[in-house]
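Have a look at the structure below before the remarks.
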Amino acid sequence: MATYTRKDVLDEAKRLAEMLSSTDEIERFKQVEAKLNENQKVQKLIQKIKTLQKQAVNFQAYGKHEALKKVDEEIERLQNEIDEIPVVQEFKETQIVVNDVLQLVSGTIAREVTNRVIESTGGDVLSGETGSKSKNKIGCSH
């Protein structure tokens with residue numbers, strides 16, 4: 001079995017990232033994100049929310065609880081309005097898909113590394129024990 005340096009592994013990770021960035025899922029995400037950024041209604045609503053969030057921080061700092069409550073309610077109303085816009089819904093869906101792909105890759109790498117460690121030590125993949133753990137196991141005395 002070949003031995004790799006940390007640099008080798010990181011270089012390979014960069015190649016994998018390049019591959020991932022060209023998948024259909026990531027390409028779709030980029031397209032939808034561009035549509036979202038071009039949507040003037042969405043951008044205006046986001047800007048209003050950011051302004052209100054700054055006001056909320058000030059109201060909270062100065063203990064103006066009633067004003068804070070009203071601003072928070074308006075932020076929530078605007079957020080709900082944004083969430084109803086089809087391109088926003090589409091963007092959120094593509095984010096979920098991309099995250100699922102990344103989680104799948106991450107989980108696959110973690111599982112394969114674990115299995116290779118177990119196998120290389122003469123362990124049992126099904127029980128999840130390395131060879132050294134299996135060898136040092138004390139038998140059950142019932």
Within the range 34-78, of all residues that are in contact (Cβ under 8 Å) with a residue 40 or more places away in the chain and open to solvent by 70 Å² or more (accessible area, probe 1.4 Å), the one farthest from Glu93 (Cα to Cα) is Lys41
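So which residues in the range 81-101 are open to solvent by 80 Å² or more (accessible area, probe 1.4 Å) and closer than 24 Å to Lys14 by Cβ? Spell out how you get there, then give the answer.
Start the filter on the range 81-101 by keeping residues that are open to solvent by 80 Å² or more (accessible area, probe 1.4 Å), which leaves 84, 86, 92-93, 95-96, 100.
Selection gives Gln95, Asp100.
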Of the listed residues (Thr130, Thr114, Thr94), the one being of a type in the set (Ser, Thr, Tyr) and more than 30 Å from the chain's Cα centre (by Cα) is Thr130
Within the range 79-118, residues being without any contact (Cβ under 8 Å) to a residue 24 or more places away in the chain and not in a helix (DSSP H, G or I) number 1
query = Regarding Glu12, is this residue surrounded by 11 or more Cβ atoms within 10 Å (Cβ to Cβ) and either within 25 Å of the chain's Cα centre (by Cα) or in contact (Cβ under 8 Å) with a residue 12 or more places away in the chain (or both)?
reply = yes
| task | Please tell me if Phe29 is touching a residue at least 40 places away in the same chain (Cβ under 8 Å), surrounded by 11 or more Cβ atoms within 10 Å (Cβ to Cβ) and in contact with an Asp or Glu (Cβ under 8 Å, 6 or more places away or on another chain). | result | no
Conditions (1) under 30 Å from Gly131 (Cα atoms); (2) open to solvent by 90 Å² or more (accessible area, probe 1.4 Å) -> Met19 fails only (1)
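The values are calculated or read from the model by the stated rules, or taken from the named source; none is laboratory data. In this text, all values refer to a predicted model and were calculated from it rather than measured experimentally. Heads up, the Cβs are rebuilt from the backbone with ideal geometry, glycines too, and the neighbour counts pull from every protein chain shown. The area values use the complete protein model at the heavy-atom level, side chains included, leaving out ligands, DNA and RNA. Shrake-Rupley method; radii C 1.70, N 1.55, O 1.52, S 1.80 Å.
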